[in-house]
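Taking it in order: structure first as structure tokens, then the write-up.
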Amino acid sequence: MIPGVVELVSIGLVVSACLAIFIDEAIYSVAALAATFVLTSALYALSGAVYVAIFQFAVGIGTLSILFLSGEMLSEKPLNKTKPIKSIGVAVLGAILSIPAIFFSISAPSMVSSTTSLGDALWNYSAVDVVLQGLVILTVAIGIAIVLHENKKKSKKRSGQQ
């Protein structure tokens, strides 16, 4: 593996996660979240957990499609555009937050040894994580369906009153 690739992917992951949280416009925030999911999958793939990377990518695509549709349909369009200086500031903050994880490593205790690879451990022991991710996606989808149903009822009442 090329030296520094994991560190670059990690920096990109932290920066895109910060941008996904702090950007005001829904479309750009969802695009930053997409980068977060892709970089998380890349990090898993670089660590040797290819099946986990594929699964994370698939779950990320499902989550993004729900968030993208709900963000477009339910959010108000902001009058003020996000200033580029704010986005750059958030990106710099994310890069600064990732510095300790890159330069200060914690060595594993020497008495701990395992014959299980990272990929096997993530794939075999992440059942709770998978169930919780599915539960989050289901909850978001149900919430969006309820909001859309309420909006539809309100629009029918408005058109009936006129």
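Condition test on residue 79, is it among the aliphatic types (A, V, I, L, M), outside any helix (DSSP H, G or I) and at pLDDT below 85?
yes
Which residues, counting only those in the stretch 51-71, are in contact with a helix residue (DSSP H, G or I) (Cβ under 7 Å, 6 or more places away or on another chain) and closer than 11 Å to residue 33 by Cα?
Matches in the stretch 51-71: 60, 63, 64, 67, 68.
How many residues does the stretch 40-74 hold that are small (Gly, Ala, Ser), at pLDDT below 80 and in a helix (DSSP H, G or I)?
Here the count works out to 4.
Has the stretch 31-39 got at least one residue that is part of a helix (DSSP H, G or I), modelled with pLDDT under 85, surrounded by fewer than 16 Cβ atoms within 10 Å (Cβ to Cβ) and of a type outside the set (Phe, Trp, Tyr)?
no
Return the residue satisfying two criteria in turn: it lies in the stretch 48-57 and is touching a Gly at 6+ places or on another chain (Cβ under 7 Å) and surrounded by 17 or more Cβ atoms within 10 Å (Cβ to Cβ), and of such residues it is nearest to residue 131 (Cα to Cα).
Applying the filter and picking the extreme gives 52.
Taking residue 20, is it over 24 Å from residue 139 (Cβ atoms), at pLDDT 75 or above, part of a helix (DSSP H, G or I) and out of contact with any Gly (no Cβ under 6 Å at 6 or more places or on another chain)?
no
The values are calculated or read from the model by the stated rules, or taken from the named source; none is laboratory data. Every value quoted in this text rests on a predicted model; they were computed, and no experiment measured them. Every residue, glycine among them, receives a Cβ derived from its backbone with ideal geometry; neighbour counts consider all protein chains shown.
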